[in-house]
Structures are given as C-alpha cells and as structure tokens.
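Below is one structure, written out as structure tokens; the observations come after it.
Nothing in this text is a laboratory measurement; each read-out follows from the coordinates by a stated rule. If you're wondering where the values come from, they're calculated on a predicted model, not measured in any experiment. Don't worry about glycine lacking a Cβ; one is built from the backbone with ideal geometry, like all the others, and counts go over all protein chains shown.
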Amino acid sequence: MRIIRDAAELRAATQGWKSQGERIALVPTMGYLHDGHLALVARARQLAPRVITTIFVNPTQFAPHEDLGRYPRDEAGDIAKLEAAGCDLLFAPGVPTVYPPGFATSITMRGPAEGLEGTHRPQMFGGVALVCTRLFGLCAADVAVFGEKDWQQVMVVRQVARDLALPLEIETVPTIRAPDGLALSSRNAYLDAAGRQQATALHAALEHAAARLRAGATAAEACGEAEARLREAGFRQVDYVALRRARDFGEMTRLEEAGRVLGAAWLGQVRLIDNLPV
Ligand code: AMP
C-alpha cells in the first residue's frame, strides 16, 4: 500500500490509474480504524479495481468545545489494518494540504443537514460536505463508500453530490456491530468498562422503538419510550430519538413507509449515535 500525504503526488498516482482505465473507490475516514471502516474498504474493493482510504480528522466539522484535540489516533495500527484489507493507497494529508493557505470556500446546507445532528452539532454537516467534496476531487474518486452508522451524513453527502453535480456515485454499507449490538465507533474508545456495558442500551432502545413503530405506535410514543429507557440505563442526556423517512429524511408521525429510527445520547462525557432501518 502506498502512503501519500501530498496532493501533487496523489494526483500523479490517480492519473496513472485513470490512464489505465481503472476506476477509483474512496473510503473517507477519520482513522482509528475498526471493523466498520474495514467493511467499507471491502465494499470499495468490490466496486473498483483501485481503493483509496483517507485518514483526516477534519477540523471544519468540529465545534471549538468538541473533541478535535483528543480524537483517538493510531496511524501505525491503521496502516497495518489497511494493508491486510487490500487497500491500494492511504491518503493521510495534513490540514494545509486539505485547506491550503487562502482556502476561501465554505458550504451551507439545508434539507438533510437540518435537524437531529444538524441541531446538536450545527457546524458539522457544512464541514462534512466541504471535506468530502474536496477529498472527492483530490482523489479523483468514481465512487465513495460511507457507513449507515452515520445515516444523516449519508443523506447529506448524497445531497451535496447531487446538488453540485459531482461526478461520482455514493455507496453505503450497513452498520457493523459488536456481538452485544453496540455499533462500532472510534469514539467507543472513550468509554470505560462500565460505560461500555451501559452503551448497549442505545441499540436496545432503538430496537424497542422500531418494534413499537412496526406495531402501530406513534413516533412520539415509540421514541418517548426509547428516551425513557436510555435515561433508566444511565444516559445522562438524550439529544434525540426520532423517526425519519428513509427516502428523503422527512418527518413521519407514524410508520407510513420505510423509515429510520435515529438516536443520540450522552454517557458521561461521551456522545454516542446510532440508527436502525424500520
Ligand atoms: P469516521 O472515521 O467515524 O468518520 O467514519 C468513517 C466512515 O466509516 C463513515 O462513512 C462512517 O459511517 C463509517 N463507519 C463508522 N463506524 C461504522 C460502523 N460501525 N459500521 C459501518 N460503517 C461505519
């Protein structure tokens, strides 16, 4: 696997592949890789002969009080995992490569960027849309692969790709979970042993809401019960449990068509998110 940090070197590599007619699949990540990320790499390998994984902890999607400075990192471990997964190229740029001096563009989004994560982390999706658009261009990606773990993010990325006519496809991979149901996440590293046990309640609460919705409960009832279960399980704050339409992220008061039940809650200082199809 090649490891590249420089934009010109990356361009030379991608142009070489393109001149051979080889398509490029991209897996954008913030590193500290786990089996969820590696499932994206495996999917990328099915989609294109060349796979680029990026590791970049993107400062434009973090608010000043958030965990940018302490986000977990293990580049040597990540490299070993990507080598074993058959990734062709790791692009691990520094901030000035992604946002060079004089960089002047920002992205403001409505639609799927509003509500839920967009309410609780107002800066995030503009930053996600910006870094993804930039990485798609830098990597000359024909297809990019994202995890359903961050389902609202998938909706945002699809929207920005459509709105800006970006010449690539967006593919998704279902959430990879620990045997007890907890969605794998780099931020799970923040949990202590007790927190790790309590954390399974998030998935369980969303399963409960999904079952209640399927049985005909209103979104208010089903999501309210899930929030109560989270508090009982020791979550100190529930940012939201909500039902959305799968198709367009619109609100539904009941399960009228395929939907997604999403939740975000705090265990101590650790914020966890998850979602399920319903
Ligand atoms: P991150 O490094 O957390 O920014 O995630 C990079 C990509 O991996 C995003 O598309 C995530 O949705 C995806 N991802 C993270 N955790 C999981 C998981 N447990 N299962 C599937 N995809 C995941």
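Each of Val57, Val241 was scored by other Cβ atoms within 10 Å of its Cβ. Listed from fewest to most, they are Val57, Val241.
Order of Lys149, Lys18 from fewest to most other C-beta atoms within 10 Å? Please list the in-between numbers first.
Working: Lys149 22, Lys18 14.
Exposure proxy ranking, most exposed first: Lys18, Lys149.
Within region 2-173, antiparallel bridges make up roughly 0 percent of the DSSP beta bridges whose residues both belong there. Short to long, the 5 Å bins of the Cα pair-distance histogram for region 27-128 hold 2, 11, 19, 18, 18, 17, 11, 3, 0 percent of all pairs. The alpha-carbon atoms of region 129-229 define a convex hull whose volume equals 142 cubic angstrom per residue. Taking Leu262, Leu82, Leu68 in turn, the Gaussian network model of the chain (Cα-Cα springs below 10 Å) assigns the largest fluctuation to Leu68. Taking Ala211, Ala76, Ala48 in turn, the Gaussian network model of the chain (Cα-Cα springs below 10 Å) assigns the largest fluctuation to Ala76. Here the residues Trp151, Trp266, Trp17, ranked from fewest to most Cβ neighbours within 10 Å of their Cβ, fall in the order Trp266, Trp17, Trp151.
Based on alpha-carbon atoms only, what is the radius of gyration of region 237-278 relative to the globular estimate 2.2 N^0.38 Å?
Region 237-278 yields a ratio of 1.27.
With the largest listed first and rounded to whole Å, the semi-axes of the equivalent ellipsoid of the chain from the Cα gyration tensor are 33, 20, 18. Relative contact order of region 2-173, taken over Cα pairs closer than 8 Å and 6 or more residues apart, is 30 percent.
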